[in-house]
Amino acid sequence: MIEILVWGSLILLCGFMIWAIAKMAEATGEARALREKAEKEAKDAKAAGTVMAENRPPGDTAGRLQRGDF
């Protein structure tokens, strides 16, 4: 009886550890995706700021921002 209890506890512990590792890997993947998205948005914002800082007519700047080719 005690042997069944010990083995059952070990199986539950191993199952929990596998689940926890899977959740950590999932969270790491989500964090990596959020970081990459933030880096892309920062790059785009910097490029847009550069376009706005250039000496251009207002229509040209607005057109370039709308087309996304800054």
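Laboratory data are not the source of any read-out in this text; all were calculated from the coordinates shown. Worth saying up front: this structure is predicted, and the values here are computed from it rather than measured.
Report the extension gain between Ala47 and Leu13 in nm, rounded to one decimal, defined as 0.36 nm multiplied by the number of residues separating them, less their alpha carbon distance.
Working: separation 34, 0.36 × 34 = 12.24 nm, distance 5.10 nm.
Gain on stretching Ala47 to Leu13: 7.1 nm.
Just subtract the alpha-carbon distance of Asp60 and Glu36 from 0.36 nm times their residue separation and send over the number in nm, one decimal. Can you show the working numbers first?
On the way: separation 24, 0.36 × 24 = 8.64 nm, distance 2.99 nm.
Taking 0.36 nm per residue and subtracting the Cα distance, the gain is 5.6 nm.
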